[in-house]
Amino acid sequence: MNLPNLPHLLSQLRDADPAVRSRATDALIEANDPQVIPHLVPLLKDADPDVRYRAAAVLGEMRNSQAVPLLIPLLRDTDPDVCNRVVGVLGEIKDPQAVPHLVSLLKETAIPDIHSRVTFALGEMGLPAVLQLLPLLKDDTRHIRDGAASVLGRINDPQAVPYLIPLLQADDRYLRSRAAAALGRIGEPQAVPHLISLLQDADSSIRSHAANALRHIGEAAIPQLAALLDDAVAGEYAAQVLESVADEPALRALAVWREKQQRGTS
């Protein structure tokens, strides 16, 4: 889009008043023109954090990969709001060159809001992020392991499954839950027997996460769920999953089990 007042706006980007620079930067969103990128570059190093924030936001709206190398240094910005906005922008642009820098930030940041935004941005990146996330599943820091497991579940890449399955036996209950949820979203049948075993976990929340994962996987889990219906601990969860899957084999397995129960009590 051509803005009739574009030359005036570009001149205001150099104004001594940061409020004027901020307003002019916001107005450039309407231009959506890569030609304004060179004019925004100096603002990414502006002394005022609000100006830096707005310049990053405009570049994000353009969804232009040219902006990615310019934005990456702001992942280390001294202002958390600027850093947070840049993480979001990189997730919106979805350029793979940002992945290693986002992974580094995931490992380094102790700020929960930024950590959440980084995991979301990496999920937006998709497959290019997978290989760099897999090693983080063995990281010593809990929030890094949890974040990596969550992102891998969102990306839904089956190559993560062999790395997630061992985490179902982790001492950390939260990591077990995250791994179960990720495996459910990915939906690979090879995870079924490992999730089935969690239906007998001592922790009821783990059993619930495993049941939900099996619900997502669906048909491939039916035979092993049916075999658990008589189990004192897992049977209740197995019945709930089979009911929610609600296809013919699942309902048939439930019907056979209920008929057997009725015969046993008559």
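For segment 122-176, with the dipole built from +1 on Lys and Arg beta-carbon atoms and -1 on Asp and Glu ones, taken about the Cα centre, which of Asn156, Gly123, Pro166 lies farthest toward the positive end?
Of the listed residues, the answer is Pro166.
Which net charge results for the neighbourhood of Ile186, defined as the other residues with beta-carbon distances under 13 angstrom from its beta-carbon, given Lys and Arg at +1 and Asp and Glu at -1?
Working: positive: Arg154, Arg178, Arg185; negative: Asp157, Glu188.
Neighbour charge sum, excluding Ile186 itself: +1.
Highest mean first, what order results for 254-263, 24-33, 144-153 on Cβ atoms within 10 Å? Intermediate results must be reported in sequence, preceding the final value.
Working: 254-263: 12.1, 24-33: 18.3, 144-153: 24.8.
Answer by packing, highest mean first, reads 144-153, 24-33, 254-263.
Taking a ≥ b ≥ c as the square roots of the eigenvalues of the Cα gyration tensor of the chain, is the shape rounded (a/c under 1.5), prolate (a/b larger than b/c) or oblate?
Values: a/c = 3.69, a/b = 2.77, b/c = 1.33.
Judged from the Cα gyration tensor, the chain comes out prolate (a/c at least 1.5, a/b above b/c).
Hey, what's segment 90-187 come to in accessible area per residue, 1.4 Å probe, Å²? Write down the numbers at each step before the final one.
Details: 4260 Å² over 98 residues.
Solvent-accessible surface per residue comes out at 43 Å².
Packing-wise, with mean Cβ within 10 Å as the measure, how do 7-19, 130-142, 84-96, 233-245 rank, highest first?
Numbers: 7-19: 13.3, 130-142: 15.8, 84-96: 22.2, 233-245: 19.2.
Ranked from most to least packed, the peptides come out as 84-96, 233-245, 130-142, 7-19.
Lysines within cross-link reach of Lys138: Cα-Cα under 28 Å, excluding same-chain residues under 8 positions apart?
Output for Lys138: Lys94, Lys107.
Pull out a ≥ b ≥ c, the square roots of the eigenvalues of the alpha-carbon gyration tensor of segment 1-106, then state rounded if a/c is under 1.5, prolate if not and a/b is larger than b/c, and oblate in the remaining case. Kindly include the intermediate steps, with their values, before the conclusion.
Numbers: a/c = 2.55, a/b = 1.47, b/c = 1.73.
It is oblate, given that a/c is not under 1.5 and a/b is not larger than b/c.
Sort out for me the Cα centre separation of segment 48-65 from segment 82-140, rounded to whole Å.
18
Choose one of Gly218, Leu44, His101: the residue whose Cα lies farthest towards the positive end of the charge dipole of the chain (beta-carbon charges +1 Lys, Arg; -1 Asp, Glu; about the Cα centre).
Gly218
Take every Cα pair under 8 Å in the chain that's 6+ residues apart, average their separations, divide by the length, and report that relative contact order as a whole percent. Each step should come with its number before you reach the end.
Values: 371 pairs, mean separation 23.2, N = 266.
Value for the chain: 9 percent.
Grab the eigenvalues of the alpha-carbon gyration tensor for segment 195-266, scale each by 5, take roots, and send me the semi-axes largest first in whole angstrom. Write down the numbers at each step before the final one.
On the way: eigenvalues 80, 46, 13 Å².
Semi-axes from the Cα gyration tensor: 20, 15, 8 Å.
Assigning unit charges at the beta carbon (Lys, Arg +1; Asp, Glu -1) and nothing else, what dipole magnitude in debye, to the nearest 20, does segment 199-266 show about its Cα centre? Working shown, then result.
Numbers: 6 positive and 10 negative charges, 35 e Å.
Once rounded to the nearest 20, the dipole reads 160 debye.
In degrees, nearest 10, range 0 to 90: what is the angle between the Cα axis of helix 204-217 and the longest Cα principal axis of the chain?
That helix lies at roughly 80 degrees to the long axis.
Excluding Gln200 itself, calculate the net charge of residues whose Cβ lies under 12 Å from the Cβ of Gln200, where each Lys or Arg counts +1 and each Asp or Glu counts -1. The partial results should precede the final answer.
Numbers: positive: Arg207; negative: Asp201, Asp203, Asp231, Glu236.
Net charge around Gln200: -3.
Magnitude of the Cβ-charge dipole of the chain, K/R +1 and D/E -1, about the Cα centre, nearest 20 debye? Before the final figure, lay out the partial values.
Numbers: 26 positive and 34 negative charges, 54 e Å.
Roughly 260 debye, rounded to the nearest 20.
Under a point-charge model restricted to the Cβ atoms of Lys and Arg (+1) and Asp and Glu (-1), what is the dipole moment magnitude of segment 103-230 relative to its Cα centre, in debye to the nearest 20?
So the dipole magnitude of segment 103-230 works out to roughly 120 debye.
With everything on Cα atoms, drop me the angle between helix 18-27 and the longest principal axis of the chain, reported from 0 to 90° to the nearest 10.
Approximately 60 degrees, to the nearest 10.
Once you list every other residue whose beta carbon is under 12 Å from the beta carbon of Arg14, what net charge do they have if Lys and Arg are +1 and Asp and Glu are -1? Intermediate values should be presented prior to the final figure.
Working: positive: Arg21; negative: Asp15, Asp17, Asp46.
Charge balance in the 12 Å sphere: -2.
For the chain, with all protein chains present and a 1.4 Å probe, just round the carbon and sulfur fraction of the accessible area to a whole percent.
Details: 6650 of 12850 Å².
Heavy-atom surface of the chain belonging to carbon and sulfur, 1.4 Å probe: 52 percent.
Reported to two decimal places, what Rg/Rh ratio describes segment 95-203 when computed on Cα atoms with Rh from the Kirkwood expression?
On the way: Rg = 13.4 Å, Rh = 13.9 Å.
For segment 95-203, the value is 0.97.
The values are calculated or read from the model by the stated rules, or taken from the named source; none is laboratory data. None of these values were measured; they are calculated from a predicted model. Note that we place each Cβ from the backbone using ideal geometry, even for glycine, and neighbour counts take in every protein chain shown. Side chains included, ligands, DNA and RNA excluded: accessible areas come from the protein's heavy atoms. Shrake-Rupley method; radii C 1.70, N 1.55, O 1.52, S 1.80 Å.
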